[in-house]
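The values are calculated or read from the model by the stated rules, or taken from the named source; none is laboratory data. Everything quoted here is computed from the prediction, not taken from an experiment. Note that each Cβ is placed from the backbone with ideal geometry, even for glycine, and that neighbours are counted across all protein chains shown.
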């Protein structure tokens, strides 16, 4: 099945919306607009195929519940930005990459294999809750606005109130 080509006007509008959303959250899109628009085309093509915007640089299963970690922005964006200055597909980049003081280098794939992803799912209680001790990641709290996130490290900038990562505390 051949999918229809996405019109440039839709790509442009989606690119503008993603850029605004990224900047509102303290993130930056890759400044190479042609490259970034090609990634947007991939996101839109995956949305046509699967009904969700899976990362265009990864193989999606077509089952949303299996691909939740790679729906853009993916679960690996922030650790990739922290360690490499860009996410896996380089749609999102750090300020250092954006202003040219850091060069882009290949980003290692951090998504676990399908078998390992299944092992990482914590056991649920009968009511569906997960016990705190079984959480796979620490929970961080912004001391300014109370925003909570579960990840290895706090975000570089709070997506709500825009304070830097040093204003976060480990919550759980």
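Of all residues in region 3-17, exactly one satisfies the criterion of being within 15 Å of residue 46 (Cβ to Cβ) and without any contact (Cβ under 8 Å) to a residue 24 or more places away in the chain, namely 5.
Counting the residues of region 21-42 that are assigned to a helix (DSSP H, G or I) and either modelled with pLDDT of 95 or more or touching a helix residue (DSSP H, G or I) at 6+ places or on another chain (Cβ under 8 Å) (or both) gives 10. Here is the figure for region 98-112: residues that are in a helix (DSSP H, G or I) and free of Cβ contacts under 8 Å to residues at least 24 places away in the same chain total 0.
All conditions in (1) touching a strand residue (DSSP E or B) at 6+ places or on another chain (Cβ under 6 Å); (2) touching a residue at least 24 places away in the same chain (Cβ under 8 Å) hold for residue 46, with the sole exception of (2). Under the condition of being under 22 Å from residue 68 (Cα atoms), assigned to a loop (DSSP other than H, G, I, E, B) and at pLDDT 85 or above, the residues counted in region 113-155 number 9.
Evaluated against (1) farther than 25 Å from residue 95 by Cβ; (2) surrounded by 12 or more Cβ atoms within 10 Å (Cβ to Cβ), residue 32 falls short on exactly one condition, (1). Restricting attention to region 59-72, the residues that are touching a residue at least 40 places away in the same chain (Cβ under 8 Å) and crowded, with 19+ Cβ neighbours inside 10 Å add up to 1. Determine, yes or no, whether residue 41 is under 21 Å from residue 3 (Cα atoms), in the same structural domain as residue 95 (by TED's automatic domain parsing) and within 13 Å of the chain's Cα centre (by Cα). In short, no. Every condition in (1) modelled with pLDDT of 95 or more; (2) closer than 25 Å to residue 157 by Cα; (3) surrounded by fewer than 18 Cβ atoms within 10 Å (Cβ to Cβ); (4) in contact with a strand residue (DSSP E or B) (Cβ under 8 Å, 6 or more places away or on another chain) is met by residue 54 except one, and the failing one is (3).
Only residues that are more than 23 Å from residue 137 (Cα to Cα) and either in contact (Cβ under 8 Å) with a residue 60 or more places away in the chain or not in a loop (DSSP other than H, G, I, E, B) (or both) were counted in region 79-93, giving 3.
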